[in-house]
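J.: To start, I am sharing the structure in question, which I have written as structure tokens.
The values are calculated or read from the model by the stated rules, or taken from the named source; none is laboratory data. Owing to the predicted nature of the structure, the values given are computational and were not obtained by experimental measurement. FYI the Cβ positions are ideal-geometry reconstructions off the backbone, even for glycines, and counts take in every protein chain you see.
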Amino acid sequence: MKLKHLIICLLACLPLIAPAQLDTVIYMKLNKQPTSKEKAFYCITLLKKSNKKFVVTRFQKHYNANWSQTGYSKIKVLSDSVLKVKKYQQNKLQLKFKRNFSIVNDSIYYFKEIDKQDRLWREGYTKSKFPLHLVREMKTYYESGQLESIQKYKNNRCIASESWHEDGTRRFKNQYADLDSLPEFPGGQEALFKFIGENIRYPHEAKTKRIRGKVFLQFIITDKGKVSNVKVIKSAHPLLDKEAQRVVSLMPDWKPGKFMGEYVNMRYQVPINFRLSAFW
């Protein structure tokens, strides 16, 4: 099975600050399967605050082996079948909802996540109440009630997905699938930014007019490792956009990403920052 157009975003590298006295630490590969700390790409920690209060925190490892916190959830156990969940990102509350469970069989629960306005946010199947261990499928919804995505899961790994914009038009298929490996620039992430720095040429007109900014580019790394379909997704200025596109188009072949053991086409995003010194 070959998947197309998966979206990969670069994240800022921040240090990992792990809480003390953890009750559970789960290390996972990129494809969400269990692994050792040394080989992990993701980490989930569970901290017990009391008999009914817990904190689940998620981390991600970056190319330089640093970890960053991607978010955390505060969980309060209201009953055997109901949890109260508050989800945070960058220490800001993003969502509040109740997670209701019903038993499907000896090993699987069906769950629904509903906010204070009685709006359904997610529903699906899991082997554990927290952190979730997803199986079968999960559906997510917009605040309007419009279906946002349907994701198929096998042993906590998303193996296929469909998603829609709020107006009902389709997004890229398999946007949320869990990969075996990401595309890799020759020499890794550090070599990628070194290549950009060595090959960028600040447009003379942009210099004289003191034009600066950050250009965000999106492109496809094909299953053969070729860079294609380079486009600007966030512009800084036409002069800077054109130069950023030129540099990305010069890149050598990458090591393509893999999904389910096969090389696949993947979408990739990279920022290029144009900055002027104080002497210009």
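J.: Does segment 235-254 include one or more residues that are modelled with pLDDT of 95 or more, surrounded by fewer than 18 Cβ atoms within 10 Å (Cβ to Cβ) and part of a strand (DSSP E or B)?
T.: Looking through segment 235-254, none of the residues is modelled with pLDDT of 95 or more, surrounded by fewer than 18 Cβ atoms within 10 Å (Cβ to Cβ) and part of a strand (DSSP E or B).
J.: So, in segment 85-100, of the ones that are among the charged types (D, E, K, R) and out of contact with any Phe, Trp or Tyr (no Cβ under 6 Å at 6 or more places or on another chain), which residue ends up farthest from K112 (Cα to Cα)?
T.: Of all residues in segment 85-100, those among the charged types (D, E, K, R) come to 86-87, 92, 96, 98-99.
Retained after the next criterion (residues that are out of contact with any Phe, Trp or Tyr (no Cβ under 6 Å at 6 or more places or on another chain)): 86-87, 92, 96, 98.
Numbers: K86: 15, K87: 15, K92: 23, K96: 13, K98: 8 Å.
Checked segment 85-100; the qualifying residue farthest from K112 (Cα to Cα) is K92.
J.: Would you mind stating whether Y202 is in the same structural domain as F97 (by TED's automatic domain parsing), in contact (Cβ under 8 Å) with a residue 24 or more places away in the chain and among the hydroxyl-bearing types (S, T, Y)? Don't jump to the end; show me each part of the working.
T.: Values: in the same structural domain as F97 (by TED's automatic domain parsing): no; in contact (Cβ under 8 Å) with a residue 24 or more places away in the chain: yes; among the hydroxyl-bearing types (S, T, Y): yes.
Against the criterion (in the same structural domain as F97 (by TED's automatic domain parsing), in contact (Cβ under 8 Å) with a residue 24 or more places away in the chain and among the hydroxyl-bearing types (S, T, Y)), Y202 does not qualify.
J.: Going through F195, F130 one at a time, which residue ends up being touching a residue at least 24 places away in the same chain (Cβ under 8 Å), over 26 Å from Q33 (Cα atoms) and of a type in the set (A, V, I, L, M, F, W, C)?
T.: Numbers: F130 fails: over 26 Å from Q33 (Cα atoms).
The conditions single out F195.
J.: Take segment 202-220 and flag every residue that is outside any helix (DSSP H, G or I) and in contact with a Lys or Arg (Cβ under 8 Å, 6 or more places away or on another chain).
T.: Just the residues of segment 202-220 that are outside any helix (DSSP H, G or I), to begin with: 202-203, 209-220.
Across segment 202-220, the qualifying residues are P203, R212, K214, V215, F216, L217, Q218, F219, I220.
J.: If G213 passes every condition in (1) farther than 27 Å from I159 by Cβ; (2) touching a Gly at 6+ places or on another chain (Cβ under 7 Å); (3) small (G, A, S) but one, which one does it miss?
T.: For G213, the exception is condition (2).
J.: Among strands (runs of 3 or more DSSP E) lying entirely in segment 55-142, which contain 2 or more residues that are of a type in the set (K, R)?
T.: Numbers: elements: 67-79, 82-89, 92-103, 109-114, 120-126, 134-141.
Strands (runs of 3 or more DSSP E) meeting the threshold: 67-79, 82-89, 92-103, 134-141.
J.: Just for segment 143-178: of the residues that are hydroxyl-bearing (S, T, Y) and part of a loop (DSSP other than H, G, I, E, B), which one is surrounded by the most Cβ atoms within 10 Å (Cβ to Cβ)? So that I can check it myself, show each step before the final result.
T.: Kept after step one, since they are hydroxyl-bearing (S, T, Y), are these residues of segment 143-178: 144, 149, 153, 161, 163, 169, 176.
If we keep only those that are part of a loop (DSSP other than H, G, I, E, B) as well, we get 144, 169, 176.
Values: S144: 9, T169: 7, Y176: 19.
Selected residue: Y176.
J.: With the condition kept exactly as written, say whether any residue in segment 172-179 is of a type in the set (D, E) and either assigned by TED's automatic domain parsing to the domain that holds H133 or at pLDDT 95 or above (or both).
T.: Applying the first criterion (of a type in the set (D, E)) to segment 172-179 yields 178.
From the residues that got through so far, the ones that are either assigned by TED's automatic domain parsing to the domain that holds H133 or at pLDDT 95 or above (or both) too are none.
No, every residue in segment 172-179 fails to be of a type in the set (D, E) and either assigned by TED's automatic domain parsing to the domain that holds H133 or at pLDDT 95 or above (or both).
J.: Does segment 179-203 hold any residues that are touching a helix residue (DSSP H, G or I) at 6+ places or on another chain (Cβ under 9 Å) and either hydrophobic (A, V, I, L, M, F, W, C) or surrounded by fewer than 13 Cβ atoms within 10 Å (Cβ to Cβ) (or both), and which are they?
T.: F185, G187, F195, I196, I200, R201, listed by residue number.
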